[in-house]
1. Using the Cβ atoms and a cut-off under 15 Å, what net charge is assigned to the surroundings of Gly637, where Lys and Arg are +1 and Asp and Glu are -1?
2. In whole percent, how big is the carbon plus sulfur part of the accessible area of the chain, probe 1.4 Å, protein atoms only?
3. Evaluate the relative contact order of region 582-660 (contact order divided by residue number), counting alpha-carbon pairs under 8 angstrom at least 6 apart; express in whole percent.
4. Once all Cα-Cα distances of the chain are split into 10 Å bins that start at 0, what whole-number percent is in each one?
5. List the relative contact order of the chain as a percent without decimals, with contacts defined as Cα pairs under 8 Å and 6+ residues apart.
6. How tilted is helix 646-656 with respect to the longest principal axis of the chain? Cα atoms for both, answer in degrees (0 to 90, nearest 10).
7. With every protein chain present, what is the per residue accessible area of region 208-323 (1.4 Å probe, Å²)?
8. For Lys333, go through the lysines and keep the ones whose alpha-carbon is under 18 Å away, minus same-chain ones fewer than eight residues off.
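The values are calculated or read from the model by the stated rules, or taken from the named source; none is laboratory data. Given the structure is predicted, the values throughout are model-derived calculations rather than measurements. So basically every Cβ, Gly included, is an ideal-geometry build from the backbone, and we count neighbours across all protein chains shown. In case anyone asks, the SASA skips ligands and DNA or RNA and just uses the protein heavy atoms, side chains included. Shrake-Rupley method; radii C 1.70, N 1.55, O 1.52, S 1.80 Å.
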Amino acid sequence: MSDTQTGSLTNRGRAAFKLGTLVLLGCTLLFYIAGCLCGMNAGYGKRLWNISDDKWEFTECLYFSAITLTTIGYTDLLGTEQCAVYRDATGRFRWDSNTDAHQQEGYDATGEKLFTDFTAWTRTLTTLVAIIGMSFFLYVIAQVTSFFVEGQYQENAAAKRARKKIRRFTDHMILCGGGRNGCTVLEQAQKDGVDCVVIERDSEVIRDLRQTYPSAACIRQDAMDIEALETAGIDRARGVVAAMPDDRANLVATVTARQLSTSVRIVSRCINSQSQRQLRYAGANSVVNTVELTGLRIASELIRPTVVNFLEIVLGHDDTQDMVISGICLQQKDDGRTLDSLPMDQAQGVEIVAYRRGEIYTFNPTTDALLLTEDELIMLGSRKSISQLAKAIAAEPACPAHVTALEQTPKSSPPAEPEFSTQAEPGDTELQGHFIVCGAGKVGQTIAEELASTRRTCVCIDNDPEALNEFRNALPNVRLIEAEPYSPDTLSKANICNARALTTTLTSDRDNLVVIVTALQANPSIRALSTTADETYHSRLQRAGAEVFYPAKTGGRRMASELLRPTATTVLDRMLAASGTARFEAVIVNRDTELAGMSLAKADLYTRTGLRVLAVREPDREQYIIKPAPETTLTPGTILIVSGPAADITKLIALAGDCA
């Protein structure tokens, strides 16, 4: 039985009724036994098992118990106020009572004597029954009152409304866990107009979610239970997001969801990297390691801030512009078509990023690239323009038959060359333009690993021996300083005055704040980034001068993107990783460079670098222009968004100036 059912008014009333019945029968039996002891029902010449001569009959005891327990008290029906037994000289008995006075036949009252006085006992019994009745009555009132005061009535009403909503939902999202990550997932889903069902056990969390997100259907159940997922309508859902803070709970929820639906897309959160394989094996389509993701996000902000801003827009995390990456699957009639035969003129502002054949992505394809059935075109543009292009391709007549449709082998990327960098090598004695990472935990280790993979010099500071040993084993070539990160002497030892940026990922938000304040005092121009686990510290860190990252928000956004935009996240994963064969990059055109003042047509970047310019952002403008016109002038300060291997990007940087 669920918590909601247990707390319902019906069940509370049923429990009170059972208890009241037992109390009533118990008091009735007590009065009947008392009647036997004082001679009203047995004894003193009466037979025990003969009920025809009972004065305190069972029905009278029952009625008297009822009116006493309920505090009605019409009258002393049994006469318990006065109950005494008298005996005459011949041994016959007389019972003195307010209501049931009687005597044996032949009784002589002239020589009677008081035999036994039961008045004290009967009055005590009646008093106890009255007290029990009052207590029971107050108990029932307390139960009913608490049902309304504690919010159980509102909970049941809200649960009924949620179930009505769920019955109307189709193609909705089921969110298991309404914590910080879950709230971010819910925000992103509602921003995209996707109906959501939240399953959460914590009543306070459920109450807050219902107030903050009234359009979501929130049910208070355990997401690991089959009943909960069935109630959430998993048979009609588009996806399930397991965002609970326990890997084992996410694993059980994933297994249960996969057993109930073989086609639903499942995205699961994981905290420990060892759980990723288990979640994949259990049936998760995508696993988001929130700890590693936070590290990669901060490292990307340090290395490629403009690209991160661009991708935030593409993934729907930034509403400044309608720009998405979406896929268009080709049909059998399109077999043998080339890229230049696509009706690109029927949709403005759409650029082909790549095409996928099986698990192989070909970025920056040539215009004569041969397309086959079931190839997927990866497009960059607005939702409306991509939808128009998809309709235009579907309406195109079948491509003329080819004698042989040879599968095109994707052009192999040249070996990656060292990325353009002005950083010092780790062996240099004098640090210059380096990065400082405060915290050798999992997030700090991920940041340092990403920086090292792009040949950036970084220094890690921490005073935790265990974390430092693990860091040293994973990254032996990264310089370590074992000391308190918030000490001015330690930051001076790390040459903070000549550092390019600093990030702090300590577990204590207070320590992070002290590090930021100390670092900016030593070098006011340094770029400072910090993580925070408590939203109350967010504004304090910002006022101190730091760019703040909330891991729960980062993880929640990513899980939402994995469910709502799987094509975009898959492509971006492959391209953003520094070790990948291709990636997104933002390049800025500087003054006194070859491209400054030149048009795109004259620059002919595809021939010279093998890169296609996907979008540009002109100086003093916030929005990007997708698929810029050939006559677009590359004025100094223009940002070019390109995709391709590191070697080709290095060529473009040499022509334009620098990474943005």
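1. Around Gly637, the surrounding residues sum to -2.
2. That fraction is 52 percent.
3. Values: 166 pairs, mean separation 39.0, N = 79.
Relative CO of region 582-660 lands at 49 percent.
4. Per 10 Å bin, starting at zero, the Cα-Cα P(r) for the chain comes out as 3, 12, 17, 17, 14, 9, 6, 5, 5, 5, 4, 2, 1, 0, 0 percent.
5. Values: 1236 pairs, mean separation 62.8, N = 660.
10 percent.
6. Once rounded, the angle reads 60 degrees.
7. Accessible area per residue, region 208-323: 41 Å².
8. Lys391
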